[in-house]
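Below is one structure, written out as structure tokens; the observations come after it.
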Amino acid sequence: MEDFTSGLALLASWDVLAALLIGSIGGVVIGAIPGVGAAVAIAILLPATFSLDPLVGLTILLGIYGSSMYGGALPAILINTPGTAVNALTTYDGYPMTKRGEARRALSLAYSASFFGGVFAILCLILLSPLLAMIAPHFGSREIFLAALLGIILVVLAHRGQVLAAGMLAGFGILLHTIGLEPVTYTRRFTFDQTWLAGGVDLIVVVLGLFALSQAFLLLADKDTTPHPQPVKGSMFGGMKELWLYRRVASAASGFGVLMGMIPGVGEFTAQFLSYTYAQKTSDTPEAFGEGSPEGLIASEAANNAVPGAAMIPLLALGIPGEALTAMMLSVFYVHNVIPGPQLFQNQMDFVYALYAAMLILNVLVIVFLLFSTNILTRVIQIPTRFLGLIILTLSFVGVYSLRNSVVDCAIASAFGILGLVLKRLNLPLVPIILGMVLGGIMEAKLRTSMMRVKTPWDFVDRPIAAILALMILVVIGLHIRTLVKEHRDRIAEMDHDHDIHTSQQG
């Protein structure tokens with residue numbers, strides 16, 4: 001109770017309250033602009049948060065992370081263009097409702113479901129805190145290394161159909177981390193006698209290049225567009241009452257969001273797919289899904305908004321990010337010497353409770369703002385895309401240069417911006433590169449520490465948690481190999497079947 005009171009006291013300062021307001025409203029506005037998204041905004045803001053107090057900086061980033069999905073539903077429903085990538089499924093049922101003249105109802109349901117999912121996840125996070133505080137101290141160097149390895153494997157395998165490419169990109173991210181001075185003996189690695197590489201490749205420079213600059217290049221290269229959504233008339237409070245009629249779907253979708261958010265590399269898309277499939281299979285009107293079903297809309301929005309709160313569980317308990325946005329937040333922790341993991345729950349529980357309370361307040365601020373300002377946000381959607389690209393380009397270069405006042409960093413960021421643009425054009429994932437850099441650093445540090453106590457390979461898994469994690473790694477890889485073998489057999493069977501049909505037709 002004392003830690004909880006201390007956590008609330010940390011929130012009761014003007015800078016934290018200002019961060020709550022800026023993060024919540026700013027995230028909604030950013031989410032409502034197609035082509036920006038939370039990743040781009042957080043990448044641009046990262047350099048500025050390094051000079052703030054850790055709670056202030058993290059509150060702004062958490063606000064943008066969580067509330068951007070609220071805002072992303074607005075263009076998804078009104079103009080069939082998701083504001084953020086995770087709102088793509090919202091278009092399936094949201095836009096058909098708009099075409100039926102039910103835009104206000106669709107937005108109201110989306111806001112209500114998002115609020116329910118966000119609060120549900122945070123309450124789960126708070127209830128799990130005592131358990132996390134008990135388990136976290138049992139994670140030593142070996143366990144954290146294995147957890148990070150499991151995380152990177154899950155990230156790679158989560159990209160179905162692109163596993164090889166995702167694995168190569170994750171390996172490239174690990175390689176990027178190793179460039180520069182080696183941290184123990186200070187020998188140079190992969191610098192090729194270039195002094196500008198001695199300091200390594202900065203994570204924030206890579207993040208700004210891959211996410212922000214690549215998106216700016218994409219917007220500038222594509223045709224200029226200016227969407228014109230119709231204004232929404234009427235009260236937005238109806239969705240709160242209607243959500244009660246679909247409470248089973250909202251609860252199940254939020255549960256899927258929490259479970260998927262806790263698993264590194266899985267995230268919103270899997271949570272949405274599972275919740276949408278569940279809602280459709282258990283619905284009395286499954287044929288309405290994709291044609292403007294309120295249940296489908298609620299399943300999508302509740303699931304994706306439950307993920308941010310749940311994604312904080314592996315980040316805070318083990319210091320392991322599950323996707324790119326939490327990886328960016330991890331850098332803010334490190335800059336302020338606040339190290340997520342077992343020690344955080346033992347020594348700074350008040351800070352943890354302050355983050356939980358901030359996330360709850362953020363959701364309340366967002367829902368209040370949206371209920372009264374939807375028509376104002378429809379004007380934000382109308383920003384021309386090339387003008388938006390120019391703004392992102394300018395802010396990105398300002399952010400990169402402000403890190404170390406280095407033109408070399410700007411050149412490196414530009415190179416990664418071009419790489420990001422190429423990967424986006426090829427429909428290849430960017431996230432494995434960032435997680436490879438972050439998790440690769442964690443794995444290297446923990447492996448060095450643990451090897452001092454390890455004499456044989458079996459010593460690495462001689463503790464219960466380490467053995468369980470090692471077993472999980474083997475099971476995950478085994479299940480993936482089994483899936484590949486099954487798919488290969490199915491393809492051969494299909495080819496044989498087609499060949500038999502072709503032969504019989506010729507006969």
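Annotations
- Within straight-line cross-link reach of K241, lysines at Cα separation under 30 Å, skipping those fewer than 8 residues along the same chain: K99, K233, K281
- A P(r) calculated from all alpha carbon pairs of the chain, with 10 Å bins opening at zero, reads 4, 18, 28, 27, 15, 5, 2, 0, 0 percent.
- Taking all protein chains together and a 1.4 Å probe, the residues Y278, Y353, Y92 rank Y92, Y278, Y353 from largest to smallest accessible area.
- Close amide H contacts of T191 (hydrogens built in the peptide plane, cut-off under 5 Å, sequence separation of 5 or more or a different chain): G180.
- Within the straight-line cut-off of under 25 Å between alpha carbons, the lysines reachable from K424 are K223, sequence neighbours fewer than 8 places apart in one chain being disregarded.
- Gain on full extension, evaluated as 0.36 nm per residue between W14 and A467 minus their Cα-Cα distance, stands at 158.4 nm.
- Computed on protein heavy atoms with a 1.4 Å probe, the accessible areas place D284, D222 in the order D284, D222, largest first.
- Other-chain or far-sequence residues with amide H under 5 Å of I320's (modelled H): L315
- Percent carbon-and-sulfur accessible area, the range 279-423, ignoring ligands, DNA and RNA, probe 1.4 Å: 64 percent
- Basic side chains Lys and Arg get +1 at the Cβ, acidic Asp and Glu get -1 at the Cβ, and with that the dipole of the chain about its Cα centre reaches some 240 debye.
- With a 1.4 Å probe rolled over the protein heavy atoms of all chains, the accessible area of Y70, Y401 falls in the order Y401, Y70, largest first.
- For the range 272-415: rounded, prolate or oblate by the Cα gyration tensor [a/c cutoff 1.5]: oblate
- Heavy atoms of S414: accessible area, 1.4 Å probe, square angstrom to 10: 30 Å²
- Whole-percent carbon and sulfur share, accessible surface of the range 26-128, 1.4 Å: 67 percent
- Once the 1.4 Å probe is applied to the protein heavy atoms, the range 105-158 comes out at 31 Å² accessible per residue.
The values are calculated or read from the model by the stated rules, or taken from the named source; none is laboratory data. What you see is a predicted model; the values in this text were computed from it and never measured. Note: ideal-geometry Cβ built from the backbone for every residue, glycine included; neighbour counts use all protein chains shown. Ligands, DNA and RNA are stripped out before the accessible areas are found, and what is left, the full protein with its side chains, is counted by its heavy atoms. Shrake-Rupley method; radii C 1.70, N 1.55, O 1.52, S 1.80 Å.
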